[in-house]
Amino acid sequence: ALKNLVLVDEMESLAPILHCGITDLANEDTPQLYTVCGRGPRSTLRVLRHGLEVSEMAVSDLPGSPNAVWTVRKSIHEEYDSYIIVSFVNATLVLSIGETVEEVTDSGFLGTTPTL
């Protein structure tokens with residue numbers, strides 16, 4: 001047993017998050033995260049609303065539901081990520097992150113196939 005640590009707070013795991021949506025259904029002037037978590041009889045709908053305010057930087061219709069989304073840096077020396085990679089069943093979308101979020105056409109990714 002640990003002797004030098006004291007439990008301050010606990011948070012139930014949200015894993016696995018199967019679906020997530022952001023909206024202000026409660027009319028609180030701050031969007032909340034609605035997540036569908038778990039599987040089978042342990043499934044739950046959770047509302048996350050405490051902490052930082054959600055800032056919508058860009059809104060864009062996507063060509064479908066993404067299979068994977070991740071961010072990458074231009075180099076390992078960069079402090080922040082520079083690109084958002086969005087993979088679909090039959091396409092890959094690369095977005096640059098900066099003052100604006102824009103689609104990148106010369107990223108080196110093949111846009112007509114999914115990315116792992």
I need the fraction of alpha carbon pairs in region 25-116 separated by more than 19 Å, rounded to a whole percent.
58 percent
In what sequence, largest accessible area first, do CYS37, CYS20 appear using a 1.4 Å probe?
CYS20, CYS37
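What FRET efficiency comes out for VAL8 versus TYR34 if R0 is 35 angstrom and r is the Cβ-Cβ distance? Round to the nearest 0.05. It would help to have the intermediate numbers written out before the result.
Numbers: r = 27 Å, r/R0 = 0.78.
The computed FRET efficiency comes out at 0.80.
Which percent of the accessible heavy-atom area of the chain goes to carbon and sulfur, probe 1.4 angstrom? Let's see the in-between values first.
Details: 5300 of 9840 Å².
Within the chain, the accessible surface is 54 percent carbon and sulfur.
In square angstrom, what is the accessible area per residue of the chain with a 1.4 angstrom probe? The partial results should precede the final answer.
Values: 9840 Å² over 116 residues.
Each residue of the chain exposes 85 Å² on average to a 1.4 Å probe.
The values are calculated or read from the model by the stated rules, or taken from the named source; none is laboratory data. Keep in mind the model is a prediction, meaning the values are calculated, not measured. Using ideal geometry, Cβ is built from the backbone for each residue, glycine included, and neighbour counts are taken over all protein chains shown. Note: accessible area is taken over every heavy atom of the protein model, side chains too, but ligands, DNA and RNA are not part of it. Shrake-Rupley method; radii C 1.70, N 1.55, O 1.52, S 1.80 Å.
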